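J.: I'd like to ask some things about the structure below.
A short reminder: the numbers here are calculations on the coordinates, not readings from a lab. It should be emphasised that the depicted structure is a prediction, and the values quoted were computed from it without experimental measurement. FYI the Cβ positions are ideal-geometry reconstructions off the backbone, even for glycines, and counts take in every protein chain you see.
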Amino acid sequence: MEKIISKQSVPEWVKKLEDYTIFAPVNREDHWSFEVIENPDVIDLGYLNTTPSPKKAVFPPREVFFEFYGAESGNEPGQMEIKETLPEEKPQIIFGIRPCDAKAIALIDKVFAGDFNDPYYLKRRETTILVGLGCAKPPSDNCFCTSVGGSPHGKTGLDILVTDLGDDYYLESLTPGGVKIMDFSGELFREPGTEERGKAAKIHESAPGKIKREINDVEKSCNRLGESNMFASPLWEEEAKACIRCGICTYLCPSCHCFDMSDEVERISPLKGKRVRTWDNCQFPDFTMHSSGHNPRPDKAARLRRRVLHKYPYFVRTNGDYLCTGCGRCVTNCPVGIDIIEILNRAERLNDNE
């Protein structure tokens, strides 16, 4: 289903979606981020790119799995009460998500709904609708989505794709969920004309050519990285020299999904606490620390190697896609200028002896 809505009517449309929690881009202290909004007038669809990705709507940085309570005085020793904490039932919409970020959520789906179905992730994901905003121009100078099979107007993971036509938006509903939320405000939409369809098609056709950066040959780079002699390549030591282990690259990444589990004890007697899942970071020294004290990735080079290999040859082997959508956040925000595009291009150029 294709529809047109004027930009002035978007807040009115969002107001009618009161049964949903709405995550949308807002400008906070000179940067954009996806936040739960109460007032649709604060939504800023003219945003470039958010600093953190909107994945937190389905995969929160911190979530409680269950609470546990020890036996009260006089009860049988060792008794424990456990109270599970599942996400609330209210459905949600990520409104204005970029195609690269929507694709990233589709990639995370492969992790949390693969060999094992994660009930906490799926509880949110199954009730989440993604309204995507296509990129008429790159939101960042470091965008490279076309290098990894994406598109400025890609539809992967989306329920609705929105294209900016100037005074209006052109909407394509891609799933029943997308149709449903458009039906809430049918009077605000109208059928597109031939001219509007043609204008949207031209925007979609021209947008990829505006992307400034690219991986020269991602398939060749990926294959090269997967070769056994690349594991000990000096490339990793050289590229990791500047790393300060801040973890920005992975915390801002829309497709990174590593996490840690911990028990937070609030009281010893009687026992009271929570089991919590929090985002973790493969660039931290203790990420792979064993209880014996051994660390198989003891230095910055090994950790950088892990991040790059996981996103390219390893994930391709196990899931048939790159675990990178080319959003460019890791390049733009790295304080020391480590550039994953240059790493892949350099890997492609390496000789077998290097």
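J.: Of 55/212; 110/272; 155/311; 241/274; 7/137, which sit over 29 Å apart, Cα to Cα?
T.: Details: 55/212 25 Å; 110/272 35 Å; 155/311 21 Å; 241/274 39 Å; 7/137 18 Å.
Check vs 29 Å cut-off fails for 110/272; 241/274.
J.: If I histogram all Cα-Cα distances within region 98-147 using bins 10 Å wide from 0, what percent of pairs lands in each bin?
T.: Calculated over all Cα pairs of region 98-147, the distribution is 21, 43, 24, 11 percent.
J.: Let me ask something else about it. In a GNM of the chain with a 10 Å cut-off on Cα contacts, which of 270, 138, 254 has the highest mean-square fluctuation?
T.: 270
J.: Still on this structure, please answer the following. Which order do the peptides 96-105, 327-336 come out in when sorted by mean C-beta neighbours inside 10 angstrom, highest first? Walk me through the numbers before you get to the answer.
T.: Numbers: 96-105: 27.3, 327-336: 19.2.
In decreasing order of mean packing, 96-105, 327-336 become 96-105, 327-336.
J.: Just to compare against my own numbers: the Cα pair-distance distribution for the chain, 10 Å bins, whole % per bin, please.
T.: Once binned at 10 Å, the Cα pair distances of the chain give 5, 22, 29, 23, 14, 6, 1, 0.
J.: Per residue of region 145-162, in order, report the coupling 6.51 cos²θ - 1.76 cosθ + 1.60 (Karplus, θ = phi - 60°) as ³J(HN,Hα) in whole Hz, putting x for Gly and Pro.
T.: 3J(HN,Hα) across region 145-162, in whole Hz: 4, 5, 6, 10, x, x, 7, x, 10, x, 10, 4, x, 8, 9, 9, 10, 10.
J.: Can you order the peptides 147-156, 27-36 by their average number of other Cβ atoms within 10 Å per residue, highest first? Can you show the working numbers first?
T.: Details: 147-156: 21.0, 27-36: 13.5.
Descending mean neighbour count gives 147-156, 27-36.
J.: How many nm is it between the label spots at residue 229 and residue 31, if each spot is 7 Å from the Cα in line with the beta carbon?
T.: 4.2
J.: Let me ask something else. So, R0 is 30 Å and r is the distance between the beta-carbons of residue 175 and residue 332; what FRET efficiency does that work out to, to 0.05?
T.: 0.45
J.: Next up: Name the chymotrypsin sites (Phe, Trp or Tyr not before Pro) in region 82-126 that are in a loop by DSSP and that have at most 16 other C-beta atoms within 10 Å, would you?
T.: Working: sites: 95, 112, 116, 120, 121; in loops: 116.
Here the chymotrypsin sites (Phe, Trp or Tyr not before Pro) that fit, given the DSSP loop and packing criteria, are 116.
J.: Shifting gears a bit: Two decimals is fine: what is log10 I(q)/I(0) at q = 0.17 Å⁻¹ for region 223-354, from a Debye sum with one equal scatterer on every Cα and no solvent?
T.: Normalising to I(0) and taking log10 leaves -0.97.
J.: Gain in length, residue 220 to residue 2, computed as 0.36 nm per residue apart minus the alpha-carbon separation, to one decimal in nm? Could the numbers behind the result be given before it?
T.: Numbers: separation 218, 0.36 × 218 = 78.48 nm, distance 3.85 nm.
Once the chain is fully extended between residue 220 and residue 2, it gains 74.6 nm.
J.: Add +1 for every Lys or Arg and -1 for every Asp or Glu among the other residues with Cβ under 11 Å from the Cβ of residue 15, and state the total.
T.: For residues surrounding residue 15, the net value is -3.
J.: Continuing with the same structure: Hey, what number do you get for the chain at 222 nm if only DSSP H runs of n ≥ 4 count, each worth -39500 (n - 2.57), divided across all residues, to the nearest 500?
T.: Details: 12 runs with 97 residues, N = 354.
Taken over the chain, the calculation gives -7500 deg cm²/dmol.
J.: Here's something else I'd like to know. Among 261, 289, 80, whose mean-square fluctuation peaks in a Gaussian network model of the chain (Cα, cutoff 10 Å)?
T.: Taking springs between Cα atoms under 10 Å, the residue moving most is 80.
J.: Moving to a separate point now. Using a Gaussian network model of the chain whose springs link C-alpha atoms within less than 10 Å, name the residue from 338, 244, 129 with the highest mean-square fluctuation.
T.: 244
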